[in-house]
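Below is one structure, written out as structure tokens; comments come after it.
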Amino acid sequence: MASGHTVLMRLVASAYSIAQKAGTIVRRVIAEGDLGIVEKTSPTDLQTKADRLAQMSICSSLARKFPKLTIIGEEDLPSEDVDQELIEDGQWEEILRKPCPAQYSAIKEEDLVVWVDPLDGTKEYTEGLLDNVTVLIGIAYEGKAIAGVINQPYYNYQAGPGAALGRTIWGVLGLGAFGFQLKEVPAGKHIITTTRSHSNKLVTDCVTAMNPDDVLRVGGAGNKIIQLIEGKASAYVFASPGCKKWDTCAPEVILHAVGGKLTDVHGNALQYDKEVKHMNSAGVLASLRNHDYYASRVPESVKNALVP
């Protein structure tokens, strides 16, 4: 084990390699042709073989290297022996060459909570909207999201033969976010990204109140935050329960690391300690810039309907 490196930076370096492994699993399941789809709570709440295998890979790989971690995954899976081929024990050395922010240098393994969404955008995955899909590993300390990794298994998949497929974005608060080119929507433009498959009147009312120039309806919380940091959208608005802590933990870190903000619709910070309820019951509001503007436009009727 690498000596001299902090627990946090070793964990992030491992999570990077583990997320890449999970991305490979996600691609392999589609290539093999059997998605193994089951409905969880509704026809829009699906689980596939890729969700199951990727979660087993991520959680087992993390638990072997960091046995004192608290790991909370989206999928409710029986505990069973995990095939060795699902285990990833590598780490991304480039991350270990970065300095750990001083405020996190003494963190112990048992103080960290890891939130895992093995396949964010499952419904889109089953429908072939592959650029919506991400693998999310978020790391929290004292209830705050402080580090995160997002793998996009199908990044660049439409670029043609020979193009490099997939990429991994990572970030640590106080250090920065890496693996992408930061861009912003032109000043004065309000482009809203929101849910594709979980819309309702609250969502629609809240989006309309933003007075948007355009609305992008796409899948996956990770994908929506990437739209913000790459200048495709200026705010992510989801005025509804449904999004969970494993959806937002890693993306929140990446956004906060570049100066953005993610809250509930009341403007409250999300909490990520291990005892917290999993549902983001007061919705999600995120932006790269001008968060106060978007928060000020959330209708009172929406706030009253969504209790933190």
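What to note about this one:
- Heavy-atom accessible surface of T204, to the nearest 10 Å², is about 60 Å², with a 1.4 Å probe and all protein chains retained.
- Take every DSSP beta bridge whose two residues both sit in the chain; close to 70 percent of them are antiparallel.
- The chain, relative contact order in percent, only Cα pairs under 8 angstrom and at least six apart counted: 17
- The C-alpha atoms of the chain define a longest principal axis, and helix 49-65 lies at about 60 degrees to it.
- In this structure the amide hydrogen of V218, modeled in the peptide plane, comes within under 5 Å of the amide hydrogens of T194, R196, none closer than 5 places in sequence on its chain.
- Label corresponding to volume of the Cα convex hull per residue in Å³ when calculated from the structure given, among (i) 119; (ii) 175; (iii) 134: (iii)
- Across the range 141-255, the relative contact order, built from alpha-carbon pairs under 8 Å that are at least six residues apart, equals 31 percent.
- For L182, the solvent-accessible surface with a 1.4 Å probe is about 80 Å², rounded to the nearest 10.
- Among F180, F238, the order of accessible area from largest down is F180, F238, computed with a 1.4 Å probe on protein heavy atoms.
- For the range 59-187: rounded, prolate or oblate by the Cα gyration tensor [a/c cutoff 1.5]: oblate
- Exceeding the 27 Å Cα-Cα cut-off - candidates K49/K183; K245/K303; K123/K277: K49/K183
- Per-residue 3J(HN,Hα) values for the range 98-114, derived from phi via the Karplus relation 6.51 cos²θ - 1.76 cosθ + 1.60 with θ = phi - 60°, read 8, x, 7, x, 4, 5, 10, 6, 9, 4, 9, 3, 6, 8, 9, 10, 10 Hz in sequence order (x marks Gly and Pro).
- Three-way shape call for the range 175-308 based on the alpha-carbon gyration tensor, with the a/c threshold at 1.5: oblate
- Per-residue SASA entry for H190, accessible area with 1.4 Å probe, Å² rounded to 10: 40
The values are calculated or read from the model by the stated rules, or taken from the named source; none is laboratory data. Please read these numbers as outputs of a predicted model, since none were measured by experiment. The area values use the complete protein model at the heavy-atom level, side chains included, leaving out ligands, DNA and RNA. Shrake-Rupley method; radii C 1.70, N 1.55, O 1.52, S 1.80 Å.
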